[in-house]
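Working notes, beginning with the structure itself.
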Amino acid sequence: MATRVHYSLQNGLWLLSPSSSFNPRFNFIRNGLRFRPNLFTSSSNSAALCSCAPNPSLTTIKQQEKPFVLTTPLYYVNAPPHMGSAYTSIAADAIARFQRLLGKKVIFITGTDEHGEKIAAAATARGSSPSEHCDTISQAYKILWRELDVAYDKFIRTTDPKHETIVKEFYSTVLANGDIYRADYEGLYCVNCEEYKDEKELLDNNRCPVHLKPCASRKEDNYFFALSKYQKQLEELVLLNPDFVQPSYRLNEVQSWIRAGLKDFSISRASVDWGIPVPNDKKQTIYVWFDALLGYISALLEDKEQPNLQMAVSSGWPASLHLIGKDILRFHAIYWPAMLMAAGLSLPKTVFGHGFLTKDGMKMGKSLGNTIEPNELVQRFGVDAVRYFFLREVEFGSDGDYSEDRFISIVNAHLANTIGNLLSRTLGLLKKNCQSTLPVDSAIAAEGNAFKENVENLVEKARICYVNLLISSACEAVIEIGNAGNIYMDKHAPWSHFKQGGAASEAASKDLVIILEAMRIIAIALSPVAPSLCWRIYSQLGHSKDQFNAVNWSDTKWGGLKAGQVMAQPTPVFARIELKTQGRMKAKQQQWLTRLPKAKEGSLGLKLQLKPSCAAAHYLPIIEFDIFTVLCH
Ligand code: MSP
């Protein structure tokens, strides 16, 4: 089916593209990019008058240090959250925590997207009014974020009246600038994507490639946003600012969409009641995406503030980073910057499109119903395991398939063994030999020691990875510190030196201080990813919660632990996850043993072996029977 657009209002003027006056040198303003048509002029003149000079009315950004403004998408409330939605928020939280460690003022924005056809239909299906339905599901998101240690600063609901005010003001501004016109539209609509689709991208029977459901044929009289007018600016934007879209392979995708030619899109719905009314036509509501994207700006308003666009913008706009899934890249990397240009507002610095969590290769999602429940995972395995697994296992940007075996294997190996065991055996030795008290400063203990240098290099590597949003590699560098600590411990064997007394014992106690200093550094460097676990490690090192909350990245410098510091009573910081099937396997092995011919223990030739290739039974002792010995006995 062909898509048709007919102008009926303000026709043609916007074809005088403002791109001719576009000057990339004026783009960067305080980390954001500014494109400005002349605001508040009559629509008929606006296109011709576009310029890129700063707009004084909107540049009154509070003259403080620019905060690091980070956003997750605003989640649809058609159904409660699942692990796929939680993934973006966990990643955003890790980045926000890292930025706070750097000493930045962070504004971490999340929220819920509550208008539109899909939400209204979900409410009807549940027998609720849309607003009751939105209250319930929005609350479910907030509860989940608490369980997942997602510490956002702002939670915006698109049904919040202050948001509605901002959307209406924004719409009116863009209308006044001549970038909105009325036309008929006919096309194929995917309700789950809330998007008109290009026929070329659909599967057989006009099915959406993401949701696999047929798109509906729609014909409407709508208001349109003149996206095509911004063709040139968007081309220049991605050409001159390659960091605008990350990772680089997503930038390529965006560039090819732009090259294919930008089409105006409909920003109102005549057939949808559950939405913000169009200011100049109460019979229509504003398209849910045009509405929701503005949540990133309305979220910045303080509760008591009189809502207006200038006030919101001056509270931290532009965003430093929009974290999104790759399915909503077009909205964020094309529609959104063009909308901002049309209103004369600065552009976000970076849009990062991560991959999907998949199950059996298909995007995990509410519409396909193949989700994993994050609450259930947290209850079974704990919040640190969940956060760590997804951030460590899935390279940020790529897709990642969930497997329980892999989950348990990774989490047990890295958190329980590499970190947890190292800490508890070191604290155990310190308790036994030094009354849990550090005998020397960690700086002195490590003088001339190559291990210290190794730790310093690894923590710097972790920092660089976090800065570049390579969260998995950051985790890897931190766990490498733990691995190096285990190797150091095994090589130096302090337990045997304590037995020798004198200088050997002194060296052994220094070795413990060195390992504990490495643990302290791990506790800071891994805290963006596993904050609860890291707090437990920190408290084992004899620190208070206030001290933990006050740490910053510069505290990863070697030398924080001082002589006389008393460690806490050693308690495991991370319990190994035991699979039920592992328990069953153990019982089976036990039964086997009792059925074997009676033999003296030891003469059976039983071997305990770790079998690293088998993920589920990674740490389960595999009992091998030396059949020859049994038979000959
Ligand atoms: N409401 C819009 C966003 C508007 S932002 C102004 C929306 N909502 S959503 O609930 O459908 O998706 C929210 C985010 O969750 C998107 O970034 C999406 O990519 C992400 N995910 C949903 N399922 C996912 C996976 N299975 N895996 C990873 N992320 C996924 O789109």
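Panel order for PHE290, PHE548, by other beta carbons found within 10 Å of each beta carbon, from fewest to most: PHE548, PHE290. Computed as a quarter of the hull surface, the mean projected area of the alpha carbon convex hull for the range 340-401 stands at 6.5 nm².
All C-alpha to C-alpha distances of the range 445-552, sorted into 10 Å bins beginning at zero, yield P(r) values of 15, 41, 32, 11, 1 percent in whole numbers. Rg and Dmax of the range 181-254, both derived from C-alpha coordinates alone, stand at 15.6, 40 Å.
With neighbour counts taken as other beta-carbon atoms within 10 Å, the residues TRP257, TRP145 rank, fewest first, as TRP257, TRP145. Kirkwood hydrodynamic radius computed over the range 63-355 comes to 19.5 Å, based on all pairs of distinct alpha carbons. Of the trypsin sites (Lys or Arg not before Pro) found in the range 265-371, those in coil by DSSP whose Cβ has at most 10 other Cβ atoms within 10 Å are LYS304. Computed over every Cα-Cα pair of the range 366-413 and binned at 5 Å starting from 0, the pair-distance distribution P(r) comes out as 4, 19, 30, 26, 16, 4, 1 percent.
Since every read-out is calculated from the coordinates, none of them should be taken as a lab result. Source: prediction; values computed, not measured. Heads up, the Cβs are rebuilt from the backbone with ideal geometry, glycines too, and the neighbour counts pull from every protein chain shown.
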